[in-house]
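Reading through the structure tokens given below for one structure.
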Amino acid sequence: MDNDERLARIGARAAAEVAEGSIVGLGTASTAEAMIRALGVLVAEGLNITGVSTSNRSSALARSLNIPLVALDDVDRIDLCIDGADEIDPNVDVVKGRGGALLFEKLVARQARRYLIIASNEKLVPRLGTRLPLPVEVMPPGWKATSREIAALDLNPVLRTSPDGSPFVTDGGHWILDCDPPEGGFSDPSGLAHALKAIVGVVEHGLFIGMADLALTIDKDGAITETVRPGR
């Protein structure tokens, strides 16, 4: 099964979790976009939902599919948020942010009654910080000083750039430092999450700890596996 087919299958499976009349958080990047496309089909068939987007990119896609959208501040609840991930550990803690929308993804996810992660099974890791750098969103002014403080946490931050070599700019107007982890990954992801937020200049980080309720992952043959957070 090729990658497009895998995305379509897991997107459709995730969209099937969306109930009539619900308010849905719409994630960002390729896997979440497959889910949004599947939701667009259901909306065209008569499903009544309202979306809360996590990025300008996802908003544009949702509007093109006639999915009604509202701003996060215009709702007092989100029934279900569905998003992708870059790493998923056995506790269903995740690393996110390769798509550059980690701040708004976390803002939406924290308002959700249920938080569903969808991904290819390559994203499953025994420990966070073993597959990809950790994205950290920072204020542009003073970013070099912020970077030095992040480096003191045994991380190696590198400024993310656009194809033309200029700094990548998030929807919120911030920059992203992609931080190579120590060898073997993060021994204490929760402690690292708190330490990062304590640094002046850090807006948000890509560690989503204790947030996701369920992960759906798909293998190369198209088989989907459910992993429930322990204790949920």
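The values are calculated or read from the model by the stated rules, or taken from the named source; none is laboratory data. Nothing here was measured: the structure is a model prediction, and the numbers come from that model. Here the Cβ is made from the backbone with ideal geometry for all residues, glycine too, and neighbour counts use every protein chain on show. Each accessible area value is taken on the protein alone, full model and side chains, heavy atoms only, with ligands, DNA and RNA left out. Shrake-Rupley method; radii C 1.70, N 1.55, O 1.52, S 1.80 Å.
Only one of the numbered conditions (1) open to solvent by 30 Å² or more (accessible area, probe 1.4 Å); (2) in contact with a strand residue (DSSP E or B) (Cβ under 8 Å, 6 or more places away or on another chain); (3) aliphatic (A, V, I, L, M) is not met by residue 195, and that is (2).
Taking every residue in the range 18-34 that is modelled with pLDDT of 95 or more and pairing it with any residue that is of a type in the set (Phe, Trp, Tyr), at least 6 positions away or on another chain, the pairs with Cβ-Cβ distances below 9 Å are 25/115; 28/104. When the range 210-232 is limited to residues that are farther than 15 Å from residue 120 by Cβ and open to solvent by 50 Å² or more (accessible area, probe 1.4 Å), the one that is nearest to the chain's Cα centre (by Cα) turns out to be 228.
Residue check: is residue 144 of a type outside the set (A, V, I, L, M) and open to solvent by less than 50 Å² (accessible area, probe 1.4 Å)? Criteria not met by residue 144.
Taking the criterion of being among the acidic types (Asp, Glu) and in contact (Cβ under 8 Å) with a residue 12 or more places away in the chain, the residues of the range 91-124 that qualify are 93, 105. Criterion applied to 95, 75 was being among the β-branched types (Val, Ile, Thr) and more than 23 Å from residue 202 (Cβ to Cβ), and the one residue passing it is 75.
Residues in the range 190-199: is at least one out of contact with any Lys or Arg (no Cβ under 8 Å at 6 or more places or on another chain) and charged (D, E, K, R)? Among the residues of the range 190-199, at least one is out of contact with any Lys or Arg (no Cβ under 8 Å at 6 or more places or on another chain) and charged (D, E, K, R), which makes the answer yes. State whether the residues of the range 207-220 include one that is more than 21 Å from residue 83 (Cβ to Cβ) and in contact (Cβ under 8 Å) with a residue 60 or more places away in the chain. Looking through the range 207-220, at least one residue is more than 21 Å from residue 83 (Cβ to Cβ) and in contact (Cβ under 8 Å) with a residue 60 or more places away in the chain.
Looking across the range 98-115, the residues that are surrounded by fewer than 24 Cβ atoms within 10 Å (Cβ to Cβ) and assigned to a strand (DSSP E or B) come down to 112, 113, 114.
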